[in-house]
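To keep things clear, I will list the structure first and then write my remarks on it.
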Amino acid sequence: MILILGKTTPKQVLDKFLDALKQQKIRYYLSLDNSAIKILGESSEVQNPLSKLLSYGGEVKTDSEGGEDKFFLSSRRYHSEDTVINVGGKKYGGNNFRVIAGPCSVESQSQILEIAHAVKKIGASALRGGAFKPRTSPYSFQGLEEEGLKYLLTAKNETGLPICTEITSPQKIDLFKDVDILQIGARNMQNYELLKEVGKTNKPVLLKRGLSATIDEWLLSAEYIMSEGSKEVILCERGIRTFESDTRNTLDLSVIPLLKEKTHLPVIVDPSHALGISRLIPPMSLASVGAGADGLIIEVHSRPKAAVSDGAQSLDFRQFDDLMSKVGTMLPLVGKTM
Ligand code: PEP
Ligand code: MN
């Protein structure tokens with residue numbers, strides 16, 4: 001059930017009620033704005049403290065599995081304001097627009113350093129780069145793993161850019177303690193053990209949409225993360241699988257205004273993995289701005305043709321610079337600043 005609290009409910013009464021739930025080992029979740037409680041279990045078990053709580057107004061709602069209330073912590077219904085997430089002094093969400101940029105894979109110390117310096121100068125807010133790469137084929141490059149993370153951290157220390165990199169296994173969480181944004185890749189969007197593990201950290205999580213995930217499945221994955229305590233999830237549309245084969249995936253920009261209705265979480269777009277073709281990245285990035293995205297994550301490489309992975313969709317520095325200028329020109333139209 002969901003309990004909507006009366007506006008005048010005293011904090012002591014609420015705390016006492018929550019204590020009673022804890023004592024009875026009843027699982028509950030408090031909405032981010034403290035206006036509602038989702039309680040798993042029967043209301044009869046909490047009858048006594050409940051009547052005291054309800055004497056200050058409020059209402060009890062039974063939330064059916066398939067109803068609107070299946071989203072709670074991520075839902076705009078229980079937190080009307082945009083969530084704004086601070087990563088190294090840069091804000092994601094609200095009126096802010098952020099660009100995360102970097103190579104598909106970390107290839108060497110010199111490669112990631114060169115790209116980090118360049119994308120920082122051009123205006124990126126964070127550096128991306130995969131160290132653990134969940135590739136479709138086991139014969140493709142799997143990433144430099146721990147060594148790659150070390151190179152990313154050196155790039156962070158040298159440039160001051162926060163880093164965003166993919167975690168593929170809950171057992172590896174300790175290796176990511178100095179990473180600023182934990183990326184959950186499309187292939188792992190429904191790896192619930194991994195979602196729960198990242199939800200226990202205090203780190204922002206970039207949650208990519210699964211290859212063929214519906215919006216509801218995607219938001220329920222965000223709920224997995226948030227129900228472990230994390231408040232900071234950034235959703236990332238990265239294209240979905242359709243019958244079209246000219247592009248790598250189909251960029252579903254309609255999710256942006258829809259998600260803005262359903263959730264208070266920031267939503268960014270990854271046109272690189274959606275399209276797979278570098279020349280399509282600039283127009284679809286601008287379309288993402290127009291649709292109301294809170295940011296972009298873009299693959300950028302010093303020499304795209306020589307990249308060990310995803311070179312065909314990577315922008316070089318000049319192309320990235322050009323794109324950033326165009327994004328900057330467009331932002332005032334949508335009321336955002338970079
Ligand atoms: C990536 O961003 O490095 C990546 C592998 O993307 P996705 O999980 O969206 O395929
Ligand atoms: Mn890639």
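We did not get these values from a lab; they are worked out from the coordinates using the rules stated. Remember, predicted model here, so these are calculated numbers, not experimental data. Every residue, glycine as well, gets a Cβ built from its backbone with ideal geometry; the counts of neighbours run over all protein chains shown.
For Arg241 and Gln171, compute 0.36 nm times the residue count separating them, minus their Cα-Cα distance, and round to one decimal in nm.
Length difference between fully extended and current span is 22.3 nm.
Grab the beta carbon distance between Lys326 and Leu113, set R0 = 30 Å, and tell me the FRET efficiency rounded to 0.05.
0.65
Contact order normalised by length for the stretch 185-227, with contacts defined as Cα pairs under 8 Å and 6 or more residues apart; what percent is it? Walk me through the numbers before you get to the answer.
On the way: 40 pairs, mean separation 22.7, N = 43.
Across the stretch 185-227, relative contact order equals 53 percent.
Taking the simple approach of a point 7 Å from Cα along Cα-to-Cβ for both Ala287 and Glu261, what is their distance in nm?
The modelled label-to-label distance comes out at 2.1 nm.
Alpha carbon centre of the stretch 268-336 versus the stretch 113-143: separation in Å?
14
Residues of the stretch 156-173 with the amide nitrogen closer than 13 Å to a label point 7 Å from the Cα of Glu193, along Cα-to-Cβ, please.
168-173
As a test of the formula, what do you get for the chain when each DSSP H run with n ≥ 4 contributes -39,500 (n - 2.57) and the sum is divided by the residue count, at 222 nm and rounded to the nearest 500 deg cm²/dmol? The partial results should precede the final answer.
Values: 10 runs with 107 residues, N = 338.
My calculation for the chain gives -9500 deg cm²/dmol from helical runs alone.
Pulled fully out, how much extra length does the chain show between Ser137 and Ala312, if you take 0.36 nm times their separation in residues and subtract their Cα-Cα distance?
Extra length available between Ser137 and Ala312 comes to 61.2 nm.
Let me have the relative contact order for the chain, percent, based on Cα pairs under 8 Å that are six or more residues apart.
So the answer I get is 16 percent.
For Lys52, put the label point 7 Å out on the Cα→Cβ axis and report which residues of the stretch 24-42 keep their amide N under 15 Å from it.
Inside the label zone: 24.
Going by how many other Cβ atoms sit within 10 Å of their own, how do Thr201, Thr242, Thr165 line up, fewest first?
Neighbour counts put them in this order, fewest first: Thr242, Thr201, Thr165.
In nm², what is the average projected area of the convex hull enclosing the Cα atoms of the chain?
Directional mean of the projected Cα hull area for the chain stands at 17.9 nm².
Lysines near Lys200 by alpha-carbon distance under 16 Å, same-chain residues fewer than 8 away left out - which ones?
Once the sequence-local lysines are set aside, what remains near Lys200 is Lys172, Lys177, Lys231.
Quick one: among Gly58, Gly210, Gly94, which has the greatest mean-square fluctuation in a GNM of the chain with alpha-carbon springs under 10 angstrom?
The residue with the greatest mean-square fluctuation here is Gly58.
Counting other Cβ atoms within 10 Å, keep those with at most 11, restrict to DSSP loop, and tell me which chymotrypsin sites (Phe, Trp or Tyr not before Pro) in the stretch 169-244 are left.
Phe243
Residues of the stretch 262-286 with backbone nitrogen within less than 17 Å of a virtual label 7 Å along the Cα-to-Cβ line of Ser254, please, listed as ranges.
Inside the label zone: 262.
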